[in-house]
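This report refers to the structure that appears directly beneath it.
Values quoted throughout were computed directly from the atomic coordinates according to the rules given, and no laboratory measurement underlies them. Values in this document were obtained by computation on a predicted structure and should not be read as measured data. Heads up, the Cβs are rebuilt from the backbone with ideal geometry, glycines too, and the neighbour counts pull from every protein chain shown.
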Amino acid sequence: MYSYLYKHRFYLINIPLIIYWIILFILTTLPGRMAVTLDVSDKIEHFGAYGLLSVFLYLNLYFQNRFEILKKFPGTFTLLIASFYGLLDELHQLLVPGRSADVLDWLADFSGTLLAVLIIKYLLARLKEMETEKK
């Protein structure tokens with residue numbers, strides 16, 4: 001599975017990351033009255049949205065071969081990039097009618113990112129280990 005992900009990273013990781021990030025931006029740009037909600041706490045929505053974004057972002061940084069530092073520290077850079085984007089998104093929502101910025105929303109974004117990074121780091125290590133054992 002590990003080598004399959006690496007081999008097909010463009011279609012399984014890069015394209016989904018781009019599409020998901022565009023969708024996330026569009027959804028947070030909708031005015032408050034048009035906002036899509038899931039009938040759960042908005043903190044859970046933020047947690048999940050940024051958790052999924054962080055899965056794709058971490059995998060993208062981990063499997064890329066262009067920048068060694070990003071490949072070496074994908075978790076750190078995922079936390080930095082997703083957290084900064086979450087902050088920008090909260091500030092951006094100040095300009096969207098019916099929306100507001102909330103520090104607790106940003107904390108939910110950060111928490112979702114952190115948990116996703118920890119889970120993906122663990123799962124990738126296990127996949128790599130399992131693949132090594134097969135050989």
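A few comments on the model shown:
- With a cut-off of 17 Å on the backbone N, the residues of segment 46-61 near the modelled label site 7 Å out from L12 along Cα-Cβ are 55-61.
- Whole-number D in µm² s⁻¹ for segment 2-134, Kirkwood Cα-pair radius fed into Stokes-Einstein, 20 °C, 1.002 mPa s: 137
- Ranked list, fewest to most other Cβ atoms within 10 Å of each Cβ, for R126, R66, R99: R66, R126, R99
- The packing ranking, built from the mean of other Cβ atoms within 10 Å per residue, places the peptides 104-110, 90-96, 57-63 in the order 57-63, 104-110, 90-96, highest first.
- Per-residue ellipticity at 222 nm from helix content only, as computed over the chain with -39500 (n - 2.57) for each DSSP H run of at least four residues, stands at -24500 deg cm²/dmol.
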